[in-house]
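The structure appears right after this line, and notes come after that.
Just so you know, all these numbers are worked out from the coordinates, no wet-lab data involved. Remember, predicted model here, so these are calculated numbers, not experimental data. Positions of Cβ are backbone-derived with ideal geometry, glycine not excepted, and every protein chain shown enters the neighbour counts.
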Amino acid sequence: MKNHMVLEPNPVQKLQFNYSSDLYIVFKRLLESYPHQIATEKARKYCLSESPTRFEDAIARMEFLYMNDYLEDLERIIASEKLDKDLSFLYQLLLKRTEKKVTEEDIEELVSISFDHPTLQCLSIFTLIYYNYDINRFIVLDKYIEACDKGIRMINQPLIHYYFKLRYNELLFNHYWKTDNTLLARRYAYKIINTELSMKKSVMVHHNLSLTYVYDDYDSAMEQALFALHLAEENEIKSQVVSLTQRTIPFIAAFHEKAGHIVTPDKVETAHLSLAKKDFQKAREILESLDALTPFQECYLGLATKDRALIKNSKERFIHEYGDLFFARLPDYYLKRI
């Protein structure tokens with residue numbers, strides 16, 4: 001599918017839309033003429049050079065900048081105080097997630113606020129779900145699925161609809177992954193991959209997709225991880241290169257006891273690789289030097305010391321502290337190795 005076609009609404013969706021933002025028209029034309037990275041950068045410059053004349057145009061600009069990771073541009077626009085206050089408020093909340101830890105009070109504040117515009121109503125629901133995910137409440141989506149579906153049906157312009165569908169599919173992927181419904185999670189991962197224009201997001205999805213295969217077999221998990229690494233290196237996405245090479249790829253190799261010659265500067269995964277090589281003393285020394293153990297680290301230390309209670313406790317922590325039913329399966333595998 002050509003890049004510009006992912007923005008094209010289907011016949012049913014066209015009946016839903018009554019407005020096309022100037023950015024949608026410009027971006028679609030750019031995608032017809034340029035590779036997506038160049039088209040995206042040109043659309044970014046358009047956002048910064050042309051002031052919106054309608055509220056819908058302002059929303060389209062903010063969403064485009066946010067979903068393409070132009071967060072500094074977004075901050076500057078918010079600081080200019082030229083935006084609608086509700087629109088500015090919601091994107092400030094989204095930016096806040098990158099700067100400080102979300103609290104229960106943040107969630108309560110958002111729940112107490114209502115918005116008149118249908119797009120802002122839908123965006124506020126997404127933000128509320130993100131905030132709950134940030135404090136490891138992955139089952140919260142069950143409560144809001146109907147509201148999300150209704151909210152997306154109320155969107156009146158194609159560019160916002162495109163990005164909100166991506167948001168929704170990302171939420172569904174994470175929900176089903178963390179609640180250990182991997183087949184459904186993968187379905188939504190591939191929906192994202194098939195329609196995503198942002199290479200950074202594509203890499204992140206391939207990266208997380210690799211982890212959904214970790215219990216199934218080594219080859220499937222490693223193939224996805226290496227493909228994510230290839231994309232990250234090709235597009236110079238350094239944070240993902242680091243995460244994949246130092247943590248995820250060593251994790252997959254260590255879990256399947258195929259450590260080989262893999263090395264990493266990450267202490268925890270070095271300990272994990274040592275476990276795969278049956279060097280329990282080295283793993284124990286590394287893990288016992290850490291101040292506070294995550295459930296992963298507690299699980300590894302349990303295996304290193306043959307302490308079944310530690311491994312069982314890590315499972316409880318995955319469930320009750322992390323709300324992560326997928327990785328709560330990890331201790332079960334390591335209990336069998338004692």
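Tabulated data for the structure shown
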| quantity | calculated |
| --- | --- |
| Set of lysines near Lys85 by C-alpha distance (under 20 Å), chain-local residues within fewer than 8 positions excluded | Lys96 |
| Distance (nanometres) between label positions extended 7 Å along Cα→Cβ at Ser33 and Glu321 | 5.5 nm |
| Gained length - Ile193 relative to Lys312, 0.36 nm times residue gap less alpha-carbon distance | 39.2 nm |
| Relative contact order [Cα under 8 Å, 6+ residues apart], the stretch 266-338, whole percent | 23 percent |
| Rounded tilt (10° steps) of 182-195 against the dominant C-alpha axis of the chain | 40 degrees |
| Charge dipole (the stretch 17-133, unit charges on Cβ, about Cα centre) - positive-most of Ala58, Tyr24, Leu120 | Tyr24 |
| Estimated distance in nm for a label pair at Asp217 and Glu99, the labels positioned 7 Å out from Cα along Cα-to-Cβ | 4.8 nm |
| Hits among lysines - C-alpha to C-alpha of Lys150 under 21 Å, sequence gap 8 or more where chains match | Lys14, Lys165, Lys191 |
| Positive-pole candidate from Ile262, Tyr218, Ala232, dipole of the stretch 199-276, charges at beta carbon | Ala232 |
| Ranked by how many other beta carbons lie within 10 Å on average, peptides 175-188, 6-19 from highest | 175-188, 6-19 |
| The stretch 45-185: relative contact order as a whole-number percent, Cα under 8 Å and 6+ apart | 20 percent |
| Pair Lys200, Ile113: separation of 7 Å Cα→Cβ label points (nm) | 2.3 nm |
| Whole-angstrom gap from the stretch 276-311 to the stretch 209-237, using each part's C-alpha centre | 26 Å |
| Cα-centre dipole for the chain with unit charges at Cβ (Lys and Arg positive, Asp and Glu negative), debye to 20 | 700 debye |
| 19 Å cut-off, amide nitrogen to a point 7 angstrom out along Asp84 Cα→Cβ, residues in the stretch 154-174 | 154-165 |
| With Cα atoms, 0 to 90° folded angle of helix 218-234 axis to the chain main axis | 50 degrees |
| Helix axis angle, 199-212 relative to the chain longest principal axis, alpha carbon, degrees | 40 degrees |
| At R0 = 41 Å, FRET efficiency that the Cβ-Cβ distance of Glu72 and Gln13 yields, to 0.05 | 0.80 |
